[in-house]
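Each value in this text was obtained by applying a stated rule to the coordinates, not by laboratory testing. Model, not experiment: these values are computed from the prediction.
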Amino acid sequence: MAKGRHSTRTTPRRGWLVVLIGVLSLALLGGGTAFATYRYDLESSSRILPGVRIGDVDVGGMTREEAVAAVAARADLTLTRSLVVRTQGASWTLSPEALGTRAGVDQAVEAAFALADGESLLSRVYHRVADEPLRADLDLGFAYDDDEIASFVERASAEVAEPAVNADLRLVDDELVVRRAKQGQEIRVRAAIERVRQALEQGSTGVRIPMRTIEPKVTAASLGRTIVVDVSENVLYLYDGFSVERQYRVATAAEGFSTPFGTWTVVNKVENPSWTNPDPDGWGADMPAYIPPGPSNPLGTRALYLNAPGIRIHGTTNVDSIGTYASHGCIRMLMPEVEELYPLIPIGTEVLVKP
């Protein structure tokens with residue numbers, strides 16, 4: 001609650017009244033009527049001294065109930081006024097009351113009554129009998145609820161926040177989709193809370209709260225390489241970002257077998273791999289249980305192991321199978337081409353296999 005200020009000033013034309021009241025008071029006191037003066041002061045103490053204002057409300061001569069009602073009505077004009085909060089692409093209209101602001105009506109009225117305690121008995125009687133204004137101005141204090149302000153800002157932030165979008169290549173309904181990087185945005189919460197609080201304190205009708213830009217973590221330039229295998233074409237494309245860096249003809253699964261569609265990852269790389277028969281009782285019944293590295297190895301000189309069970313991108317000596325559906329599920333490449341691809345592909349590279 002802000003401190004009140006008051007002053008008492010006697011004008012020349014009221015000088016005679018001051019003297020008269022002084023003389024009468026002395027006479028009355030001297031004549032044994034001090035009790036009557038005291039009783040008058042006590043009976044009139046239920047009303048605020050004249051010339052007291054709370055904000056722009058003159059509460060002089062009012063009872064406590066009257067002053068509270070008058071000041072509360074004035075406070076409501078402040079509490080219910082519109083405050084427009086704006087940010088990029090959005091705005092909200094709400095009242096200080098909705099943001100938790102409360103007026104210190106009772107405290108201000110108490111302070112108005114307390115002014116009488118700072119005056120002498122004779123001064124109080126003089127101001128009341130002569131209706132001489134005390135000329136005291138008190139502020140109507142307002143209390144601000146930082147938790148309520150923060151709650152509003154967080155709700156507003158949730159409404160306008162846009163996450164950053166990372167660049168990537170992905171399969172959507174078995175089709176290759178390019179998703180370009182996009183900046184996101186969010187409200188700068190701490191700065192917004194401070195600005196709304198300041199607007200409330202200053203009685204503003206509008207305030208703009210700041211946004212911050214969120215940069216994507218992955219852009220086309222930092223996306224790196226992605227392998228895309230188009231089974232319908234039997235072509236392997238090597239993308240760098242969104243650009244095709246290389247493409248190779250491949251062989252994929254023969255009828256009765258499957259090159260699994262979907263998004264996979266390179267989990268291992270082996271030069272001059274060995275081969276272990278994966279189906280000795282089925283299609284591999286007429287093949288050795290194990291073939292060491294070398295020219296006759298079915299995996300050739302390089303193999304990229306995917307997290308799709310049993311599936312690899314590997315070389316082959318069966319040149320005539322390239323471009324056809326001939327494997328047991330793996331993706332075959334010509335030996336010089338798989339050797340060219342191998343050093344370009346780190347473990348963790350995504351492999352998109354589309355129908």
| field | Karplus (6.51, -1.76, 1.60) ³J(HN,Hα), θ = phi - 60°, over the range 285-290, in Hz, Gly and Pro reported as x | value | 4, 9, 10, x, 6, 8
| said: Once you order the gyration tensor axes a ≥ b ≥ c over the Cα atoms, which shape class does the range 146-214 get: rounded for a/c under 1.5, otherwise prolate or oblate by comparing a/b with b/c? | reply: prolate
| said: Students often forget the sequence filter, so: which aspartates and glutamates lie under 13 Å Cα-Cα from K354 once same-chain residues fewer than 8 apart are removed? | reply: D173, D174, E175, D230, E233
| said: From Cα pairs below 8 angstrom and at least 6 apart in sequence, can you work out the relative contact order of the range 206-355, rounded to a whole percent? | reply: 30 percent
| query | Does the range 225-354 come out rounded, prolate or oblate by the C-alpha gyration tensor, with a ≥ b ≥ c the root eigenvalues, rounded set by a/c under 1.5 and, if not, prolate when a/b is larger than b/c and oblate if not? | reply | prolate
| remark: Long-range alpha-carbon pairs in the chain, meaning those over 29 Å apart, account in percent for 66 percent
| query | Straight-line reach from K269: which aspartates and glutamates have Cα under 13 Å away, leaving out those fewer than 8 places along the same chain? | reply | E339
| request: Give me the aspartates and glutamates in straight-line cross-link reach of K217: C-alpha distance below 19 Å, same-chain residues under 8 apart excluded. | output: E162, D168, E186, D240, E350
| note | Dividing the mean separation of Cα pairs under 8 Å (6+ apart) by the residue count of the chain yields a relative contact order in percent of 14 percent
| message | Suppose we keep just the DSSP beta bridges with both residues in the chain; what percent of those would be antiparallel, to 5? | response | 75 percent
| message | Helix-only estimate, please: 222 nm mean residue ellipticity of the chain, summing -39500 (n - 2.57) across DSSP H runs of length 4 or more and dividing by its residues, to the nearest 500. | response | -8500 deg cm²/dmol
| message | For D139, what residues show an amide H to amide H distance below 5 Å, using hydrogens built from the backbone and excluding near sequence neighbours? | response | A2, G55
| query | Between R246 and residues 5 or more places away or on another chain, which pairs have amide H atoms under 5 Å apart, with H built 1.01 Å from N, and which residues are they? | reply | L238
| remark: Placing one equal point scatterer on each C-alpha of the range 50-107 and summing with Debye, one gets log10 I(q)/I(0) at q = 0.20 Å⁻¹ equal to -0.75
| query | the range 231-302 to the range 58-98: how many Å between their Cα centroids? | reply | 75 Å
| request: Please list, in chain and number order, the residues 5+ apart from W264 or on another chain whose amide H is under 5 Å from its amide H, with Hs placed from the backbone. | output: V351, L352, V353
